[in-house]
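The values are calculated or read from the model by the stated rules, or taken from the named source; none is laboratory data. Bear in mind the structure is a predicted one, so any value in this text is a computation, not a measurement. A quick note on method: Cβ atoms are made from the backbone with ideal geometry, for glycine too, and the neighbour counts reach across all protein chains shown. Accessible surface is based on the protein model in full, side chains and every heavy atom, while ligands, DNA and RNA are left aside. Shrake-Rupley method; radii C 1.70, N 1.55, O 1.52, S 1.80 Å.
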Amino acid sequence: MIGGPDFASELAAIRPWADVAPAITHAERLARMDRARALTAAAGADALLVNAGQSLCYFAGLPWGSTERMVALLLPVTGDPVMICPRFELGSLEADMAIETQMALWEEEDSPFALAAKVLGTGKTLAADPMLPFHWAEKLRASGLKLVDATPVIDGCRAIKSPAELALMQQAKNMTLAVHRATARMLRPGIRASEVKRFIHEAHKAMGAPGGYSFCIAQFGQATAFPHGLPGDQALEENQLVLVDTGCTIEGYNSDITRTYAFGQVSDEIRRIWDLEKEAQAAAFDAARPGATCASVDDAARAVITKAGFGPDYALPGVPHRTGHGIGLSIHEAPYLVRGDTTELKPGMCFSNEPMMVVPNRFGVRLEDHFYITETGARWFTQPQPAIDRLA
């Protein structure tokens, strides 16, 4: 039965997560750079430039976001890596870095783009991080460098997760699923969406996610028909559909799980759509295997929906968006389970599976779990929701 103990007692029952995955090792980061060097050479470039953000965290363990000041890793095909960094940030950077690099420091009035060209050598070809701002790329070109797109390099590294990465993601997802179950137990008539979100945040923190939740969507009734909700702070009513989508990060690796369930009694129509959503999610999972394309997984989910008389394509009632997205250090990352993405699935790739069903302005059902590709097929991180009135 969904609904029960209140906010405080449910939160008090949560204990720190016991099965803690180890952090990424120094040796694994060095291996990542070696692979990046090989892919950079294959792209015809002399070096890779990785901007601040998740990719810099991937290679250097540096949890910094991009700002107006360039902080970037220059990784030559041959030679030692070099960090390009404002001089006044050196102490903070050294405290966060997980690898050893040379340092190329610039003062406030200096050009980090000219500095990068000087370190690499004018006329050389640079594979530029696709997340690098456009105007920075233009300044690098103006400084005498040739640029190529580093997407094949960065995606070629990050898309295939190691056993250590899978373990960190497994921990994050297990924690979020436990939070979902606790959330369902503490719901009550009249509770506000903001209170549900506050509980989810505090529950993640209590389990050991240092930042609490990384995002949270809590929707009731009609609002579930909008994939990312409606403005306002809803109050839950008896016999409404509940949709909660949330996640956290462990060592930077993301969870992102959605549960949709009945709070009380819901109509037979809602139950039929819920069952159809579950069938589409299962079809996508069954289609995911090495050598299959991302697009074919999306096709498999949509075939279930179309056969049932909904859609086709993105028409509503039906599925308004892709079946899933890659996940890792970024909550949404390449490749994507969507029509037109011909990327072949390979062992170690990780995806969300969420072919959401929407009946416009009335209700929506999204069941979202994640899987990773093995040598023989897909494997769930978390088991899908078994029934509309049961989370486990």
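From Gly309, Gly364, Gly348, which residue is open to solvent by less than 10 Å² (accessible area, probe 1.4 Å), assigned to a loop (DSSP other than H, G, I, E, B) and small (Gly, Ala, Ser)?
Working: Gly309 fails: open to solvent by less than 10 Å² (accessible area, probe 1.4 Å); Gly364 fails: assigned to a loop (DSSP other than H, G, I, E, B).
Among Gly309, Gly364, Gly348, only Gly348 is open to solvent by less than 10 Å² (accessible area, probe 1.4 Å), assigned to a loop (DSSP other than H, G, I, E, B) and small (Gly, Ala, Ser).
Which residues, counting only those in the range 51-73, are touching a Ser or Thr at 6+ places or on another chain (Cβ under 8 Å) and part of a helix (DSSP H, G or I)? Steps first, please.
Step one: of the range 51-73, the residues touching a Ser or Thr at 6+ places or on another chain (Cβ under 8 Å) are 51-54, 60, 73.
Once the filter is applied, which keeps residues that are touching a Ser or Thr at 6+ places or on another chain (Cβ under 8 Å) and part of a helix (DSSP H, G or I), the range 51-73 yields Gln54, Ala60.
Here's the yes/no breakdown for (1) of a type in the set (Gly, Ala, Ser); (2) in contact with a Gly (Cβ under 8 Å, 6 or more places away or on another chain); (3) under 16 Å from Tyr336 (Cβ atoms):
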{"position": "Glu251", "(1), (2), (3)": "no, no, no"}
{"position": "Thr258", "(1), (2), (3)": "no, no, no"}
{"position": "Gln265", "(1), (2), (3)": "no, no, no"}
{"position": "Ala284", "(1), (2), (3)": "yes, yes, yes"}
{"position": "Val297", "(1), (2), (3)": "no, yes, yes"}
{"position": "Ala301", "(1), (2), (3)": "yes, no, yes"}
{"position": "Gly309", "(1), (2), (3)": "yes, no, no"}
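Yes or no, residue by residue, for (1) part of a loop (DSSP other than H, G, I, E, B); (2) in contact with a Pro (Cβ under 7 Å, 6 or more places away or on another chain); (3) at pLDDT below 95:
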{"residue": "Ala209", "(1), (2), (3)": "yes, no, no"}
{"residue": "Tyr213", "(1), (2), (3)": "yes, no, no"}
{"residue": "Ala218", "(1), (2), (3)": "no, no, no"}
{"residue": "Gln222", "(1), (2), (3)": "no, no, no"}
{"residue": "His228", "(1), (2), (3)": "yes, no, yes"}
{"residue": "Pro231", "(1), (2), (3)": "yes, no, yes"}
{"residue": "Glu238", "(1), (2), (3)": "yes, yes, no"}
{"residue": "Val242", "(1), (2), (3)": "no, no, no"}
{"residue": "Asp245", "(1), (2), (3)": "no, no, no"}
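Filter the range 218-235 for residues that are among the aliphatic types (A, V, I, L, M) and either in contact with a helix residue (DSSP H, G or I) (Cβ under 8 Å, 6 or more places away or on another chain) or open to solvent by 20 Å² or more (accessible area, probe 1.4 Å) (or both); which is farthest from Trp380 (Cα to Cα)? Please lay out each step first, then the result.
Here is the first cut: in the range 218-235, the ones among the aliphatic types (A, V, I, L, M) are 218, 223, 225, 230, 235.
Still in the running and either in contact with a helix residue (DSSP H, G or I) (Cβ under 8 Å, 6 or more places away or on another chain) or open to solvent by 20 Å² or more (accessible area, probe 1.4 Å) (or both): 218, 230, 235.
Working: Ala218: 24, Leu230: 30, Ala235: 33 Å.
Selected residue: Ala235.
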Pairing a residue in the range 159-177 that is more than 22 Å from Thr343 (Cβ to Cβ) with any residue that is outside any loop (DSSP other than H, G, I, E, B) and of a type in the set (Ser, Thr, Tyr), where Cβ atoms lie under 7 Å and the two sit 6 or more apart in sequence or on different chains, gives Leu168/Tyr253; Ala172/Thr249; Ala172/Tyr253; Thr176/Thr246
Being closer than 30 Å to Glu107 by Cβ and exposed (fewer than 13 other Cβ atoms within 10 Å of the Cβ): is that true of Asp46 here?
no
Looking at (1) farther than 27 Å from Phe59 by Cα; (2) open to solvent by less than 50 Å² (accessible area, probe 1.4 Å); (3) outside any loop (DSSP other than H, G, I, E, B); (4) free of Cβ contacts under 8 Å to residues at least 60 places away in the same chain, find the lone condition where Gly291 falls short.
(3)
Condition first: open to solvent by less than 20 Å² (accessible area, probe 1.4 Å) and farther than 23 Å from Pro112 by Cβ. Can you find one or more residues in the range 5-13 that meet it?
yes
Give me the pairs, please: first residue somewhere in the range 217-246 and closer than 22 Å to Pro317 by Cα and among the β-branched types (Val, Ile, Thr), second residue anywhere and open to solvent by 10 Å² or more (accessible area, probe 1.4 Å) and part of a loop (DSSP other than H, G, I, E, B), beta-carbon distance under 9 Å, and either six or more positions apart or on two chains.
Ile217/Pro227; Ile217/His228; Ile217/Gly229; Thr224/Arg362; Val242/Ile2
If I filter the range 143-152 for residues that are crowded, with 16+ Cβ neighbours inside 10 Å and among the acidic types (Asp, Glu), do I get at least one hit?
no
Looking at the range 375-390 only, could you name the residues that are open to solvent by 20 Å² or more (accessible area, probe 1.4 Å) and in a loop (DSSP other than H, G, I, E, B)?
Glu375, Thr376, Gln383, Pro384, Pro386, Asp389
Please work out if Thr343 is among the polar types (S, T, N, Q), farther than 28 Å from Gln240 by Cβ and touching a residue at least 24 places away in the same chain (Cβ under 8 Å).
yes
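So, of the residues in the range 247-269 that are in a loop (DSSP other than H, G, I, E, B) and charged (D, E, K, R), which turns out to be farthest from the chain's Cα centre (by Cα)?
Of the range 247-269, the ones in a loop (DSSP other than H, G, I, E, B) are 248, 251-252, 255-256, 264-267.
So of that shortlist, the ones also charged (D, E, K, R) come out as 251, 256.
Values: Glu251: 13, Asp256: 7 Å.
Looking at the filtered set, the residue picked out is Glu251.
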